[in-house]
1. Would you say residue 125 is touching a residue at least 12 places away in the same chain (Cβ under 8 Å), out of contact with any strand residue (DSSP E or B) (no Cβ under 8 Å at 6 or more places or on another chain) and buried (at least 20 other Cβ atoms within 10 Å of the Cβ)?
2. For residue 238, which of the numbered conditions (1) surrounded by fewer than 22 Cβ atoms within 10 Å (Cβ to Cβ); (2) modelled with pLDDT of 90 or more; (3) within 20 Å of residue 11 (Cα to Cα) fails to hold?
3. Return the only residue of 142, 149, 71 being in contact (Cβ under 8 Å) with a residue 60 or more places away in the chain and closer than 15 Å to residue 38 by Cα.
4. Residue 176 - would you say it is closer than 16 Å to residue 226 by Cβ, modelled with pLDDT under 70 and surrounded by fewer than 20 Cβ atoms within 10 Å (Cβ to Cβ)?
5. Working only within region 33-56, note down all residues that are over 17 Å from residue 146 (Cβ atoms), assigned to a helix (DSSP H, G or I) and touching a helix residue (DSSP H, G or I) at 6+ places or on another chain (Cβ under 8 Å).
6. So, residue 84, is that one surrounded by 14 or more Cβ atoms within 10 Å (Cβ to Cβ) and free of Cβ contacts under 8 Å to residues at least 40 places away in the same chain or not?
7. With the requirement that a residue be in contact (Cβ under 8 Å) with a residue 60 or more places away in the chain and not in a helix (DSSP H, G or I), what does region 190-224 give you?
8. Give region 68-88 a look and list any residue that's in a loop (DSSP other than H, G, I, E, B) and out of contact with any helix residue (DSSP H, G or I) (no Cβ under 7 Å at 6 or more places or on another chain), or say none.
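The values are calculated or read from the model by the stated rules, or taken from the named source; none is laboratory data. Predicted, not measured: the structure shown is a model, and the values here were computed from it. Here the Cβ is made from the backbone with ideal geometry for all residues, glycine too, and neighbour counts use every protein chain on show.
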């Protein structure tokens, strides 16, 4: 269970792995499971907010709550990736820009777009469904997207960076149970929308990874975070449509 504790400590702010050594690739099978945990906390928070606030404020607070749970880790990657990938520079310069801790214009615009779309989509979803059980699945699919990014693109920083130890060739057998659990939970919790969720997920990951390959031919930790955030956004928009 050290891998699970490590994944919770890495992907969230929950204090369960402070004394645990870095677990590296042992965390990967647990990424979808941690996503499901985040989804359960998220919908629980949404139910409480529904008792107090109208739709727009409720949706905004829901988005803030998920940011709080993850420590904004993936949003940081989104901003850095936008600054680098949209800079119209070559691969080397794009990767250098991503390492810069300062946020640029593209990073700000990416954050505004993703957070704005998430809030608007959530507002529409909760008006349609009330406590929307499919929301449990959104963080799980975001973390599953990261696994696929690790599978299908090479790491772009050699042996540098915290994400280096996470990268392996191909889908490992031990990853499959978490992915299957995500799919089964989708069928059980959001049966009418399971097809929409899965088709949107597949298309989103394919398009984003194809764009990454075209731009840099690789992926980094920042780009993994961006992949998760953009996938979640596409799923929410699809559910709201």
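1. On the way: touching a residue at least 12 places away in the same chain (Cβ under 8 Å): yes; out of contact with any strand residue (DSSP E or B) (no Cβ under 8 Å at 6 or more places or on another chain): yes; buried (at least 20 other Cβ atoms within 10 Å of the Cβ): yes.
For residue 125, the condition - touching a residue at least 12 places away in the same chain (Cβ under 8 Å), out of contact with any strand residue (DSSP E or B) (no Cβ under 8 Å at 6 or more places or on another chain) and buried (at least 20 other Cβ atoms within 10 Å of the Cβ) - is met.
2. (3)
3. Numbers: 149 fails: closer than 15 Å to residue 38 by Cα; 71 fails: in contact (Cβ under 8 Å) with a residue 60 or more places away in the chain.
On inspection, the qualifying residue turns out to be 142.
4. Working: closer than 16 Å to residue 226 by Cβ: no; modelled with pLDDT under 70: yes; surrounded by fewer than 20 Cβ atoms within 10 Å (Cβ to Cβ): yes.
So residue 176 fails the test.
5. Our first condition is that a residue be over 17 Å from residue 146 (Cβ atoms); within region 33-56, this holds for 40-56.
Of the ones still in play, those that are also assigned to a helix (DSSP H, G or I) are 40-50, 55-56.
Within region 33-56, 40, 41, 42, 43, 45, 46, 49, 50, 55, 56 qualify.
6. Working: surrounded by 14 or more Cβ atoms within 10 Å (Cβ to Cβ): yes; free of Cβ contacts under 8 Å to residues at least 40 places away in the same chain: no.
Against the criterion (surrounded by 14 or more Cβ atoms within 10 Å (Cβ to Cβ) and free of Cβ contacts under 8 Å to residues at least 40 places away in the same chain), residue 84 does not qualify.
7. 216, 217, 218, 219, 220
8. Taking region 68-88 first, the residues in a loop (DSSP other than H, G, I, E, B) are 71-72, 86-88.
Result: 71, 72, 88.
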